[in-house]
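Peer 1: Could you have a look at this structure, given as C-alpha coordinates, before my questions?
The values are calculated or read from the model by the stated rules, or taken from the named source; none is laboratory data. Because the structure is predicted, anything quoted here is derived from the model rather than measured. All Cβ positions, even for glycine, are placed from backbone atoms using ideal geometry, and neighbour counts span all protein chains on display. Quick note on the areas: whole protein, heavy atoms, side chains included, nothing else; ligands and nucleic acids left out. Shrake-Rupley method; radii C 1.70, N 1.55, O 1.52, S 1.80 Å.
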Amino acid sequence: MNWPNAITIVRVFLVPVFAVLAYQDTTGARVASLIVFGVASLSDLIDGYLARRFDITTRFGEFWDPTADKLLIGAALVVLVDLRGFPLWAAIVIGFREIAVQFVRGAIVGGGGTLPASPAGKLKTVLQIGMVGWWLLPWDRVGAIHWIWLYAVLAVTLWSGAEYVVRYLRMDKAPVT
(Lines give C-alpha, C1' and ligand atoms only; values in the text may rest on other atoms or scores of the structure.)
Protein backbone atom coordinates (compact mmCIF):
# COMPACT_ATOMS: atom_id res chain seq x y z
CA MET A 1 0.00 0.00 0.00
CA ASN A 2 1.35 3.41 -0.92
CA TRP A 3 0.21 6.93 0.06
CA PRO A 4 -1.77 7.70 -3.11
CA ASN A 5 -3.73 4.46 -2.80
CA ALA A 6 -4.35 5.07 0.91
CA ILE A 7 -5.71 8.53 0.10
CA THR A 8 -7.98 7.02 -2.55
CA ILE A 9 -9.34 4.53 0.01
CA VAL A 10 -10.00 7.35 2.47
CA ARG A 11 -11.87 9.22 -0.28
CA VAL A 12 -14.11 6.18 -0.82
CA PHE A 13 -14.88 6.10 2.92
CA LEU A 14 -15.66 9.84 2.90
CA VAL A 15 -18.53 9.29 0.44
CA PRO A 16 -21.03 7.92 2.99
CA VAL A 17 -19.88 10.50 5.56
CA PHE A 18 -20.70 13.23 3.03
CA ALA A 19 -24.12 11.71 2.26
CA VAL A 20 -25.12 11.24 5.90
CA LEU A 21 -24.16 14.82 6.75
CA ALA A 22 -25.93 16.21 3.67
CA TYR A 23 -29.20 14.60 4.75
CA GLN A 24 -29.11 16.03 8.26
CA ASP A 25 -31.62 18.80 8.75
CA THR A 26 -29.21 21.29 10.31
CA THR A 27 -27.17 24.04 8.76
CA GLY A 28 -24.06 22.83 10.58
CA ALA A 29 -24.34 19.31 9.20
CA ARG A 30 -24.94 20.57 5.67
CA VAL A 31 -21.94 22.89 5.90
CA ALA A 32 -19.93 19.94 7.22
CA SER A 33 -21.09 17.87 4.23
CA LEU A 34 -19.83 20.59 1.88
CA ILE A 35 -16.48 20.58 3.72
CA VAL A 36 -16.25 16.78 3.49
CA PHE A 37 -17.06 17.01 -0.22
CA GLY A 38 -14.32 19.62 -0.64
CA VAL A 39 -11.75 17.57 1.30
CA ALA A 40 -12.60 14.44 -0.69
CA SER A 41 -12.34 16.42 -3.93
CA LEU A 42 -8.98 17.93 -2.99
CA SER A 43 -7.68 14.50 -2.00
CA ASP A 44 -8.10 13.50 -5.64
CA LEU A 45 -5.55 16.14 -6.63
CA ILE A 46 -3.19 15.12 -3.84
CA ASP A 47 -3.17 11.39 -4.57
CA GLY A 48 -2.67 11.99 -8.29
CA TYR A 49 0.16 14.42 -7.64
CA LEU A 50 1.91 12.03 -5.25
CA ALA A 51 1.54 9.07 -7.61
CA ARG A 52 3.05 10.99 -10.52
CA ARG A 53 5.67 12.88 -8.51
CA PHE A 54 7.11 9.77 -6.90
CA ASP A 55 6.35 7.47 -9.83
CA ILE A 56 4.25 5.13 -7.70
CA THR A 57 1.25 4.64 -9.95
CA THR A 58 -0.40 1.25 -9.57
CA ARG A 59 -3.12 -0.68 -11.35
CA PHE A 60 -5.11 -0.42 -8.12
CA GLY A 61 -4.86 3.37 -8.25
CA GLU A 62 -5.58 3.54 -11.97
CA PHE A 63 -8.86 1.76 -11.35
CA TRP A 64 -9.90 2.96 -7.88
CA ASP A 65 -8.98 6.65 -8.19
CA PRO A 66 -11.57 7.32 -10.92
CA THR A 67 -13.99 4.94 -9.19
CA ALA A 68 -13.72 7.00 -6.00
CA ASP A 69 -14.45 10.14 -8.04
CA LYS A 70 -17.53 8.51 -9.55
CA LEU A 71 -18.80 7.39 -6.15
CA LEU A 72 -18.37 10.89 -4.72
CA ILE A 73 -20.04 12.63 -7.65
CA GLY A 74 -22.79 9.98 -7.76
CA ALA A 75 -23.60 10.44 -4.08
CA ALA A 76 -23.58 14.21 -4.52
CA LEU A 77 -25.96 14.00 -7.48
CA VAL A 78 -28.40 11.91 -5.44
CA VAL A 79 -28.28 14.55 -2.70
CA LEU A 80 -28.70 17.40 -5.19
CA VAL A 81 -31.67 15.81 -6.95
CA ASP A 82 -33.33 14.97 -3.66
CA LEU A 83 -32.65 18.16 -1.72
CA ARG A 84 -31.57 20.99 -4.03
CA GLY A 85 -33.78 20.85 -7.13
CA PHE A 86 -31.08 19.48 -9.43
CA PRO A 87 -32.72 18.09 -12.58
CA LEU A 88 -33.03 14.30 -12.51
CA TRP A 89 -32.51 14.05 -16.28
CA ALA A 90 -29.10 15.75 -15.96
CA ALA A 91 -28.07 13.44 -13.13
CA ILE A 92 -29.05 10.45 -15.29
CA VAL A 93 -26.97 11.73 -18.23
CA ILE A 94 -23.94 12.24 -15.98
CA GLY A 95 -24.48 8.91 -14.24
CA PHE A 96 -24.85 7.01 -17.50
CA ARG A 97 -21.57 8.43 -18.82
CA GLU A 98 -19.77 7.54 -15.60
CA ILE A 99 -21.05 3.96 -15.63
CA ALA A 100 -20.26 3.50 -19.32
CA VAL A 101 -16.69 4.78 -18.94
CA GLN A 102 -16.20 2.63 -15.83
CA PHE A 103 -17.23 -0.46 -17.81
CA VAL A 104 -14.79 0.47 -20.59
CA ARG A 105 -12.03 1.08 -18.04
CA GLY A 106 -12.81 -2.20 -16.27
CA ALA A 107 -12.62 -4.15 -19.53
CA ILE A 108 -9.28 -2.61 -20.40
CA VAL A 109 -7.71 -2.96 -16.95
CA GLY A 110 -9.13 -6.49 -16.62
CA GLY A 111 -7.40 -7.38 -19.87
CA GLY A 112 -4.06 -6.11 -18.59
CA GLY A 113 -4.21 -2.72 -20.29
CA THR A 114 -4.50 0.81 -19.01
CA LEU A 115 -6.79 3.70 -19.79
CA PRO A 116 -5.29 6.79 -18.20
CA ALA A 117 -7.43 9.85 -17.72
CA SER A 118 -7.61 12.06 -20.77
CA PRO A 119 -7.33 15.86 -20.60
CA ALA A 120 -11.08 16.01 -21.36
CA GLY A 121 -11.75 13.52 -18.56
CA LYS A 122 -9.72 15.61 -16.11
CA LEU A 123 -11.54 18.77 -17.20
CA LYS A 124 -14.85 16.94 -16.74
CA THR A 125 -13.90 16.00 -13.18
CA VAL A 126 -12.86 19.56 -12.28
CA LEU A 127 -16.05 21.01 -13.77
CA GLN A 128 -18.24 18.41 -12.06
CA ILE A 129 -16.64 19.09 -8.69
CA GLY A 130 -17.06 22.83 -9.14
CA MET A 131 -20.65 22.49 -10.26
CA VAL A 132 -21.59 20.13 -7.43
CA GLY A 133 -19.94 22.43 -4.89
CA TRP A 134 -21.87 25.39 -6.31
CA TRP A 135 -25.19 23.51 -6.19
CA LEU A 136 -24.46 22.34 -2.61
CA LEU A 137 -24.11 25.89 -1.34
CA PRO A 138 -27.22 27.05 0.56
CA TRP A 139 -28.68 29.29 -2.13
CA ASP A 140 -32.17 30.74 -1.74
CA ARG A 141 -32.89 30.01 -5.40
CA VAL A 142 -31.31 28.40 -8.43
CA GLY A 143 -29.85 31.10 -10.65
CA ALA A 144 -28.26 31.49 -14.06
CA ILE A 145 -24.80 30.39 -12.85
CA HIS A 146 -26.27 27.06 -11.71
CA TRP A 147 -27.53 26.42 -15.24
CA ILE A 148 -24.32 27.62 -16.90
CA TRP A 149 -22.32 25.22 -14.71
CA LEU A 150 -24.75 22.41 -15.46
CA TYR A 151 -24.69 22.80 -19.23
CA ALA A 152 -20.91 23.20 -19.31
CA VAL A 153 -20.58 20.00 -17.28
CA LEU A 154 -23.00 18.13 -19.51
CA ALA A 155 -21.13 19.18 -22.65
CA VAL A 156 -17.72 18.16 -21.32
CA THR A 157 -19.16 15.00 -19.73
CA LEU A 158 -20.56 13.81 -23.05
CA TRP A 159 -17.47 14.90 -24.99
CA SER A 160 -15.05 13.08 -22.67
CA GLY A 161 -17.26 9.99 -22.54
CA ALA A 162 -17.32 9.78 -26.33
CA GLU A 163 -13.56 10.28 -26.37
CA TYR A 164 -13.03 7.29 -24.04
CA VAL A 165 -15.29 5.06 -26.11
CA VAL A 166 -13.48 6.05 -29.32
CA ARG A 167 -10.08 5.40 -27.65
CA TYR A 168 -11.32 1.97 -26.58
CA LEU A 169 -12.63 1.10 -30.03
CA ARG A 170 -9.34 2.14 -31.64
CA MET A 171 -7.21 -0.02 -29.34
CA ASP A 172 -5.52 -2.99 -30.98
CA LYS A 173 -7.35 -6.13 -30.12
CA ALA A 174 -6.02 -9.64 -30.48
CA PRO A 175 -7.86 -11.62 -33.15
CA VAL A 176 -10.34 -14.15 -31.85
CA THR A 177 -9.33 -17.69 -32.79
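Peer 1: State which helices in the chain qualify, where a helix is a whole DSSP H run, it must extend 15 Å or more along its own axis by its Cα atoms, and its mean Kyte-Doolittle hydropathy must be at least 1.0.
Peer 2: 3-22, 88-110
Peer 1: With equal scatterers on the alpha carbons only and no solvent term, can you work out the Debye log10 of I(q)/I(0) for region 110-177 at 0.13, 0.14 1/Å?
Peer 2: Debye curve over Cα of region 110-177, log10 I(q)/I(0) at q = 0.13, 0.14 Å⁻¹: -0.50, -0.55.
Peer 1: Quick one: Debye curve from the alpha-carbon atoms of the chain only, equal weights, vacuum; give me log10 I(q)/I(0) at q = 0.09, 0.14 Å⁻¹ to two decimals.
Peer 2: So the normalised log intensities are -0.33, -0.77.
Peer 1: Using a 1.4 Å probe, what is the accessible area per residue for the chain, in Å²?
Peer 2: 56 Å²
Peer 1: Counting Lys +1, Arg +1, Asp -1, Glu -1, what net charge surrounds Pro116 among other residues with beta carbon under 13 Å of its beta carbon?
Peer 2: Once positives and negatives cancel, what remains is +2.
Peer 1: Give me the percent of Cα-Cα pairs in region 25-79 that sit more than 18 Å apart, rounded to a whole number.
Peer 2: 42 percent
Peer 1: Tell me the label-point distance for the pair Asp55, Asn2, using the 7 Å Cα-to-Cβ offset, in nm and rounded to one decimal.
Peer 2: 1.0 nm
Peer 1: Report the full-extension gain for the segment Val12 to Ile99: residue separation times 0.36 nm, less the Cα-Cα distance, to one decimal in nm.
Peer 2: This chain segment gains 29.7 nm when fully extended.
Peer 1: Further question: What is the spin-label model distance, in nm, from Leu83 to Leu137 if the labels are put 7 Å beyond Cα along the C-beta direction?
Peer 2: Placing both labels 7 Å along Cα→Cβ, they lie 1.7 nm apart.
Peer 1: Next question, about the same structure. Expressed in nm to one decimal, what extension gain is obtained for the pair Arg170 and Ile148 from 0.36 nm per residue of sequence separation less their Cα-Cα distance?
Peer 2: Here the segment from Arg170 to Ile148 would lengthen by 4.6 nm.
Peer 1: Of all accessible surface on the chain at a 1.4 Å probe, what whole percent is carbon and sulfur?
Peer 2: Of all accessible area on the chain, carbon and sulfur atoms account for 72 percent.
Peer 1: Okay, next question. Normalising by the residue count of the chain, find the relative contact order in percent from Cα pairs under 8 Å and 6+ residues apart.
Peer 2: Relative contact order, the chain: 22 percent.
Peer 1: Could you work out [θ]222 nm for the chain from helices alone, using -39500 (n - 2.57) per DSSP H run of at least four and dividing by all its residues? Round to the nearest 500 deg cm²/dmol.
Peer 2: -28000 deg cm²/dmol
Peer 1: Taking amide H positions as placed in the peptide plane 1.01 Å from N, state which residues far from Phe86 in sequence (5 or more) or on other chains have amide H under 5 Å from it.
Peer 2: The answer is Val81.
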